[in-house]
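Down below is the structure, laid out as structure tokens.
Nothing in this text is a laboratory measurement; each read-out follows from the coordinates by a stated rule. Values in this document were obtained by computation on a predicted structure and should not be read as measured data. Glycine also receives a Cβ, built like all others from the backbone with ideal geometry; neighbour counts cover every protein chain displayed.
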Amino acid sequence: MGWCEMTRILTVEALGRRSRRRAGPSPVSFRRATDEIATDWTDLDTARVLVSGDIDAGRTDEISSYVLNKVLLCHRLVLDLTRVRFFSCDGYAMIKTLEQRCALAAVELKVLYGPHAARAVRICEQADRHASVATS
């Protein structure tokens, strides 16, 4: 048996057929979105904060601090979450906190949700409604 034969592995496909494949990395690669936060000043008093990647429990403090620093410098803030690939319940709590802080600072906040964030927000809002009905 040559080294070429040793580098092949025997696999069973979903239909039960046997096929020979070379050992090594899968031909399909998974590319993770980079976690980035950036600000674009569209006007002297309007900031657009673009968040990409994941918003999870480990990242909400960083995002919240970054956005709150921009709140001090503008009158209108657009939080763009259209490039977010994962949005946790902690992200929802962060949005609620930002809404309260912007209201206190008289800053108009608009949040643009992508599909992942929108779905998580809908679920969290529904849970909030059920919790408020249960406590009434």
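Observations on the structure shown:
- Sequence-distant residues sharing a close amide H with V111 (under 5 Å, placed H): L79
- The label point for Y66 and the one for K110, both projected 7 Å from the Cα toward the Cβ, are 2.1 nm apart.
- Taking 0.36 nm per residue of separation and subtracting the current Cα-Cα distance, fully stretching the chain between D128 and E36 would add 30.2 nm.
- Convex hull per residue volume in Å³, alpha carbons only, for the stretch 36-135: 91 Å³
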